[in-house]
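Some notes on the structure that comes next.
Computed from the coordinates by the stated procedures, all read-outs in this text should not be read as laboratory data. All of these numbers come straight from a predicted model, not from anything done at the bench. Cβ placement follows ideal geometry from the backbone for every residue including glycine, while neighbour counts extend to all protein chains displayed.
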């Protein structure tokens, strides 16, 4: 076991085999779902197939993008501790273009294809008889949807690539050789991170989940829906980072990372699980209290209808489990417990997205969730493959970063 | 409590203090405490202190708060004096969650502050001896407790060797008392300079 900071990740043969196996599972699940429910004629069935693709691609895109957000937010805050594993965050963020393209294809196909059972507002004939949708036609229009979607994916990918390039440049040592140059590097890095945060605020935190997920229930709206989606995917993204840190640590990589860093990652998962619950509850309680039919229509099938089991189960997984397991200091510093909670949380928020998408698409019966899980595994395979490939390209530690000392002496 | 003998030394640098603590502990001296003007990361570990249990107390206060809130509102609104609020059920849990949350925070916050004061013996009129007033200003003060077996001259030399300055032998009250500093000189029948 080497502890050198210049070391690269060499994926074990088994790692890539698992990644490919998961991708194969995903493809098989998608194909069998298409064969059993797709086909022509039956509108509802076809919607079920596309809804599954929509749920998985949007969820995993937002999750890997959360790693990007974490990197930029900590850069903007001049944080030092995350430098110890910043290459892991970058590697996860490098999945954004790949999954972004997949999501883009699916979203544009939903928008311009003939899949009105998912996005009702794309059906001009339907909108003509629907005064509510006519009012929203500026926002819920094909042109606006396509523009925002393409811009979002392109900007995320571009800014993420820029951040990655900046970080990689420090490895040569030239850009951080003198104090003046280090100051300049930190400044440039901060500016780039700030640009990304602005884009992020205009996309994930405000418009994009409204368009991608909320517009399935086109009549219903909640202004905090995007925030709630952000919290959901940010927790899952932090869990993904924690999983990779634990995995690499167990394989003898990442010499600078110790339990203090893991503790802080655990704190992020813990705190944002509560933040997610706060947003979820704020959205739920106001609607429950006001009891206006046009708003409660969203929660009727979820909280009381056939989806209630999934709805309450995901609340337990996403709130009760992290808060009770992660409350004590020792559990956040324990590799096994962190792994268990991270897996649980990623699954829990996947269920959260499931119950956001499907009650509108399939209101009469809960679809067979195993197919969706299979497609989800496929996306996990893609994340594993791309992340592993990116990790193996460059040194695993940003050893020349100006803040690396802060990461080494980090103490919680 | 009791008046005991201590050997105290001042340190000006963390870089000197940490190895000194290690040396003194390894030599078998009993470090009573190290007084610093601000918290120093890692010093508690170096001194071999165990983690506080304050957070467990906080958790218990918190769930007490939650229980208090839900049982009282539940009793008041669903049992004792049922009021129909816009057709909501009498036991309307979602509406109570903000209050349950607030009481959880209130109980755990107030309870932890009081427990902290109790553990540190902080209260109005409670007085304790200081070893050196500069430990509230600009130096780190280490106090070694003298036992029957301690050779004082040797210990003083050892502490000086470890980098301490202004090393002295002091007799100090280890506990706390109510009242004023100057009265205590009488109370223990022994002259203890008010610091």
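Counting Cβ atoms of other protein chains within 10 Å of each Cβ in B:92-100 and taking the mean gives 2.
Relative to the dominant Cα principal axis of chain A, helix A:259-290 is inclined by about 20°. On a per residue basis, the convex hull of the C-alpha atoms belonging to the range B:1-77 measures out at 163 Å³.
In this calculation the C-beta distance from residue A:291 to residue A:202 is compared with R0 = 35 Å, giving a FRET efficiency of 0.60. Express in whole angstrom the spacing between the alpha-carbon centres of the range B:145-168 and the range A:176-250. A separation of 56 Å, based on Cα centres.
For chain A, the mean residue ellipticity at 222 nm estimated from helices alone is -23000 deg cm²/dmol, where every DSSP H run of n ≥ 4 contributes -39500 (n - 2.57) and the total is divided by all residues, rounded to the nearest 500. Ranked by the mean number of other Cβ atoms within 10 Å of their residues, highest first, the peptides B:135-147, A:277-289, A:379-391, A:119-131 fall in the order A:379-391, B:135-147, A:277-289, A:119-131. Take each residue of peptide A:279-285, count the partner chain Cβ atoms within 10 Å of its Cβ, and average: the result is 2. Axis of helix B:93-120 versus longest Cα principal axis of chain B: the two differ by about 20°, to the nearest ten degrees. Modelled spin-label separation between residue B:68 and residue A:405, with each label point placed 7 Å from Cα along the Cα-to-Cβ direction: 4.8 nm. Relative to the longest principal axis of the Cα atoms of chain A, helix A:96-112 runs at roughly 10 degrees. Here, P(r) means the percent of Cα pairs in each 10 Å bin from 0 to the largest distance; for the range A:17-408 it is 5, 23, 32, 25, 11, 4, 0. Distance between the C-alpha centers of the range B:51-128 and the range A:67-135? Whole Å please. Taking the Cα centre of each part, the range B:51-128 and the range A:67-135 sit 41 Å apart. Stokes-Einstein diffusion for the range A:51-171 at 4 °C, viscosity 1.567 mPa s, with a Kirkwood radius from C-alpha pairs, works out to 80 µm²/s. Taking every DSSP helix (H) stretch of at least 4 residues in chain B, weighting each as -39,500 (n - 2.57) and dividing the sum by the residue count yields a mean residue ellipticity at 222 nm of -13500 deg cm²/dmol. Suppose R0 equals 22 Å; then what is the FRET efficiency for residue A:139 and residue A:108 from their Cβ-Cβ distance, rounded to the nearest 0.05? That pair, residue A:139 with residue A:108, gives E of 0.80.
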